[in-house]
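Working notes for the structure below.
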Amino acid sequence: MRYLLPFRIAGTVLIFFSTVFCSVVPSQAQTTYTVTDLGVAANGAIETNASDVNNRGVAAAVTIVSFFPVFEEIGFVSQNGQVTVLPSLGGEFTFAAAINDSGIVAGSANFAGDTISHASIWDRDLNRVTDLGTLGGSSSAALWLNERNQVVGDSGTANGIDVHAFLWDKGNLVDLGTLGGSTSFATGINNDGLIVGQSDTTLVLDPEFGIPTFHGFRWDRGVLKDLGEIFGGHFNYAEAANDRGDIVGGADLAGDLTGHAFIIRNGSIIDLGTVPGDTNSAAFGVNNRGQAVGISALSFIPPPSPPVDNFECPCHAVIWQDGKATDLNTLIPSNSGWQLINAVAINDRGQIVGSGAFNNESRAYLLTPQSGPAAPSAENGANANSASTLSSSSATGISSVRVTIVNGRPHTVWGR
């Protein structure tokens, strides 16, 4: 999110398609999970969304405190029941997008008096924030980083109009360009420096949706490559890449009415499908074991934007492994009080973070896999708020929930 606006859609992002996926994870008894609430960053929280989890189980998340008259978002790190709020650049806005195993956090923050944000990183002690600058424009945002502390995201350019994906490496910002249009976003980078994201391919507006066509891209050693139409639709995006070179995301099916999650593995595109009964899906994260996580839901008919840009809930957080899509809600105790809406990241230990509703409140969660049956409600319900002693305002009165893609990242939108 580059501007202090809650739902500025990144040009638009894109959406997905069907069938099965051959995971590298060996077939085994179905894993179950305990659920831990990641807490909140401030009293009076309206919504809390998870962003990432590293291999030590430390999660990055963000709490929305205010929409109007000023949009205020507070990034934080959650570990072992403790919440640490990220220091700002002087303004009211911080956004935690990703955290690596060293504890370095990438995201964005604003200066005092500004209404726009700058790409930022926080050191492992979370007490110092560094502004990464821009590509000549007024604003920027960091969206991911790897273990080499290479950071990717998007930035305004010197012409004051275009937005380009960037790579920040050892103090240098590299403009990754576009696929032919004026806008691009880098949403993932693996430890070999493979970058993935999305870009418009033209300046010509699609006659149905009124926006330029967007495709996923891969950038490797200075070469930007269009992923093509994936499943035959006009819109798609790449969201994440693991160290094996697997790329996950979402793409429209032919006709642009529905979309499915995909994985590209060894040059082959695999349709990950949906949870039975759903029509849309998207994959947001993938670990080095080849497990992918994301969302499965219904599509809006007719779609107001490319199908996987907006998901009509009830939405299901999902994991793809062992050749199928599984609703994560079926793998936690039925009396937990949680409805898991989306899953945005999975570490190599199989821990998953995402966003959901706990007793009708918007919360962020951490799932931890168990070797046996899911533990009773200690981690799942009774202690669900143990990650923070701060109170959260009730979300009672919620009339609808949907998930949309903002600046290349999933955001849960609660209607009241």
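Each reported figure results from applying straightforward, stated rules to the coordinates on display, with no laboratory input. This structure is a prediction, so every number in the text was calculated from the model and none was measured. Neighbour counts run over all protein chains shown; Cβ positions are idealised from the backbone, glycine included.
Sort the following peptides by mean Cβ neighbour count (other Cβ atoms within 10 Å, averaged over residues), highest first: 173-180, 117-124, 266-273, 32-39. Spell out each step's value before the answer.
Details: 173-180: 17.8, 117-124: 23.0, 266-273: 15.8, 32-39: 24.5.
The peptides rank, most packed first, as 32-39, 117-124, 173-180, 266-273.
Compute the normalised compactness of the chain: alpha-carbon radius of gyration over 2.2 N^0.38 Å, N being the residue count. Intermediate results must be reported in sequence, preceding the final value.
Values: Rg = 19.2 Å, N = 416, 2.2 N^0.38 = 21.8 Å.
Normalised Rg, Cα atoms only: 0.88.
Ordered by packing density, taken as the mean number of other Cβ atoms within 10 Å over each peptide's residues, highest first, how do 152-163, 209-220 rank?
Details: 152-163: 19.8, 209-220: 21.5.
Ranking, from highest mean packing down: 209-220, 152-163.
Could you check the simple spin-label distance between L298 and N191, using points 7 Å along Cα→Cβ, in nm with one decimal?
Inter-label distance under the simple model: 4.3 nm.
Run the numbers on the range 84-212 and let me know its relative contact order in percent, using alpha-carbon pairs under 8 Å that are six or more apart. Working shown, then result.
Working: 351 pairs, mean separation 20.2, N = 129.
Result for the range 84-212 is 16 percent.
For the range 219-356, report the translational diffusion coefficient in µm²/s to the nearest whole number, using Stokes-Einstein at 10 °C, 1.306 mPa s, and a Kirkwood Rh over Cα pairs. Mind showing how you got there, number by number?
Working: Rh = 15.1 Å.
Rounded, D is 105 µm²/s.
Let's test the formula: R0 of 25 Å, r as the Cβ-Cβ distance of D131 and I161. What FRET efficiency results, to the nearest 0.05? Working shown, then result.
On the way: r = 22 Å, r/R0 = 0.89.
Efficiency for this residue pair is about 0.65.
Given a Förster radius of 30 Å and the C-beta distance between V85 and T202 as r, what FRET efficiency does 1/(1 + (r/R0)^6) yield to the nearest 0.05? Before the final figure, lay out the partial values.
On the way: r = 42 Å, r/R0 = 1.40.
Calculated value: 0.10.
Divide the volume of the convex hull of the Cα atoms of the range 206-252 by its number of residues and quote the answer in cubic angstrom per residue.
Details: hull volume 3.6 nm³, N = 47.
Convex hull volume per residue, Cα atoms: 77 Å³.
Report the semi-axes of the equivalent ellipsoid for the range 252-297 in whole Å, largest first, where each axis is √(5λ) for an eigenvalue λ of the Cα gyration tensor.
Value: 19, 13, 7 Å, ordered largest first.
Can you give the net charge of the other residues whose Cβ lies under 10 Å from the Cβ of E92, counting K and R as +1 and D and E as -1?
Local net charge: -3.
If packing is taken as the average number of other Cβ atoms within 10 Å across a peptide's residues, how do 42-49, 89-96, 233-240 rank, most packed first?
Values: 42-49: 20.9, 89-96: 22.6, 233-240: 28.2.
For the peptides 42-49, 89-96, 233-240, the packing ranking is 233-240, 89-96, 42-49.
Relative to the present Cα-Cα distance, how much length would full extension add between Q370 and D123 at 0.36 nm per residue of separation? Don't skip to the answer; put the middle values down first.
Numbers: separation 247, 0.36 × 247 = 88.92 nm, distance 3.17 nm.
Value of the extension gain: 85.8 nm.
Evaluate the relative contact order of the range 32-388 (contact order divided by residue number), counting alpha-carbon pairs under 8 angstrom at least 6 apart; express in whole percent. Don't skip to the end; give the middle numbers.
Details: 1123 pairs, mean separation 55.3, N = 357.
Once divided by the residue count of the range 32-388, the mean separation gives 16 percent.
Assuming R0 = 35 Å, can you tell me the calculated FRET efficiency for the pair D169 and A112, based on Cβ-Cβ distance, to the nearest 0.05? Present the calculation step by step, with values, prior to reporting the outcome.
On the way: r = 28 Å, r/R0 = 0.81.
Once the sixth-power term is evaluated, E becomes 0.80.
Any chance you could check the Cα centroid distance between the range 126-204 and the range 286-353 for me, in angstrom?
26 Å
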